[in-house]
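Inspection log for the structure reproduced underneath, given as structure tokens.
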Amino acid sequence: MQIFNSVKEMQDWCKKHKKQGRSMGLVPTMGYLHEGHISLVKAARQDCDIVVVSIFVNPIQFGQGEDYGSYPRELERDSALLLKENTDAVFAPSVQDMYPAGYDTFAEVFGDITGKMCGASRPGHFKGVTTVVSKLFHICQPDRAYFGQKDAQQLLIIKKMVRDLNFPLEIVRMPIVRESDGLAMSSRNVYLNEEERQQALVLSQALKMAEKNIRDGEREIEKIRQQIKDMIEARPLARIDYIEIASGQDLSALEEIQGGVLIALAVKFGKTRLIDNLLVEV
Ligand code: AMP
């Protein structure tokens, strides 16, 4: 397994493999890897001749006062995990190399899809995400790139960007990997203390409850939202950022529960903001 810190070297290496006719899968991450990330790597390994995993805590997707400085970083541990998965190359560039002095170019998706949910709570976040992902696509030129449903809005935005800008690659969506008690795996779970972690279980429980109520025939969006809100607010440490129920295709507003529906939550426990979601097909 090769580890590249330089954009130029990564680009040259990818070009060489592409020229030899090998298919390439890219898994973009911010590191501090867990089973969720590894599920993406395993899928890429199955589908592609060459697997590249990027590890880059992207400063431009963090807002002021967010956790850029404290985001967990453990490149050695991550590299060992990736070696076990037969990864071909790890791309861990420096901020300086990705955004040298005078850097001025951004990729941004506009409209409802970026304006609500995490886009509303974290202004500029998705502009940072789509910019770094565009750069990674240009550097590595993958045939497929793997993203988790955990970040449902991010996935839809990247799919839209790829469509709108004609990136010649396929976006592969992978399901959410959870702890055995239901908590969606996240690098940020490490911030939670014991009590916060216990109370955070309410997220997956509330989503399951909503799914059951929908399966039992409930179609009124406001009712479902209120049920979720009541359940989460019963946990004293929870502070709701948003509860969104929208089209799973493009996040557009729905009149009622119908078709592919995304139920998405962002809730803070102490200083830690967690997201979770569920796609229901009605
Ligand atoms: P991150 O390192 O948080 O930027 O995540 C990198 C990729 O892993 C993104 O495509 C995430 O959606 C995906 N991912 C993160 N957590 C999970 C999870 N629990 N299950 C599946 N994919 C995940």
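The values are calculated or read from the model by the stated rules, or taken from the named source; none is laboratory data. Note that the structure is predicted; figures quoted are calculated from it, not measured. Here Cβ is always computed from backbone atoms with ideal geometry, including for glycine, and neighbour counts include all displayed protein chains. Surface areas here come from the heavy atoms of the whole protein model, side chains and all, with no ligands, DNA or RNA. Shrake-Rupley method; radii C 1.70, N 1.55, O 1.52, S 1.80 Å.
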Query raised in the report: Given (1) open to solvent by 50 Å² or more (accessible area, probe 1.4 Å); (2) of a type in the set (D, E); (3) in a loop (DSSP other than H, G, I, E, B), where does D230 come up short, assuming only one miss?
Result: (3)
Report summary line: Within segment 74-131, residues under 20 Å from G248 (Cα atoms), of a type in the set (D, E, K, R) and in contact with a strand residue (DSSP E or B) (Cβ under 7 Å, 6 or more places away or on another chain) come out as K116
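Is there a residue in segment 66-79 that is among the polar types (S, T, N, Q) and within 16 Å of the chain's Cα centre (by Cα)? Steps first, answer last, please.
First, the residues of segment 66-79 that are among the polar types (S, T, N, Q): 70, 79.
Next, only the ones that are within 16 Å of the chain's Cα centre (by Cα) stay: none.
For segment 66-79, residues among the polar types (S, T, N, Q) and within 16 Å of the chain's Cα centre (by Cα): absent.
Return yes when V57 is open to solvent by 10 Å² or more (accessible area, probe 1.4 Å) and within 19 Å of the chain's Cα centre (by Cα) and no when it is not. If you could, list the steps in order and put the result at the bottom.
Details: open to solvent by 10 Å² or more (accessible area, probe 1.4 Å): yes; within 19 Å of the chain's Cα centre (by Cα): yes.
Answer is yes for this residue.
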Query - L169 vs. criteria in contact with a helix residue (DSSP H, G or I) (Cβ under 7 Å, 6 or more places away or on another chain) and more than 14 Å from the ligand (Cβ to nearest atom) - result: yes
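Would you check if R219 is among the basic types (K, R) and either farther than 18 Å from I275 by Cα or assigned to a strand (DSSP E or B) (or both)?
Details: among the basic types (K, R): yes; either farther than 18 Å from I275 by Cα or assigned to a strand (DSSP E or B) (or both): yes.
Taking the combined requirement at face value, the residue satisfies it.
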Requested in this report: From (1) in contact (Cβ under 8 Å) with a residue 12 or more places away in the chain; (2) of a type outside the set (S, T, N, Q); (3) open to solvent by 40 Å² or more (accessible area, probe 1.4 Å), pick out the condition that doesn't hold for G217.
Outcome: (1)
Report task. Six or more apart or on different chains, Cβ under 8 Å: which pairs go from a residue in segment 15-35 that's closer than 21 Å to Q149 by Cα and open to solvent by 60 Å² or more (accessible area, probe 1.4 Å) to one that's within 11 Å of the ligand (Cβ to nearest atom) and at pLDDT 95 or above? Could you list them? Result -> E35/V177; E35/M185
Query raised in the report: From the set of residues in segment 172-196 that are open to solvent by 70 Å² or more (accessible area, probe 1.4 Å) and within 20 Å of R73 (Cα to Cα), which is farthest from the ligand (Cβ to nearest atom)?
Result: N193
Report task. Could you check how many residues of segment 229-252 are more than 21 Å from the chain's Cα centre (by Cα) and either touching a residue at least 24 places away in the same chain (Cβ under 8 Å) or within 15 Å of Q149 (Cα to Cα) (or both)? Result -> 8
Query raised in the report: Just wondering, is there one or more residues in segment 55-66 that are in contact with a helix residue (DSSP H, G or I) (Cβ under 7 Å, 6 or more places away or on another chain), within 15 Å of the ligand (Cβ to nearest atom) and more than 27 Å from K127 (Cα to Cα)?
Result: no
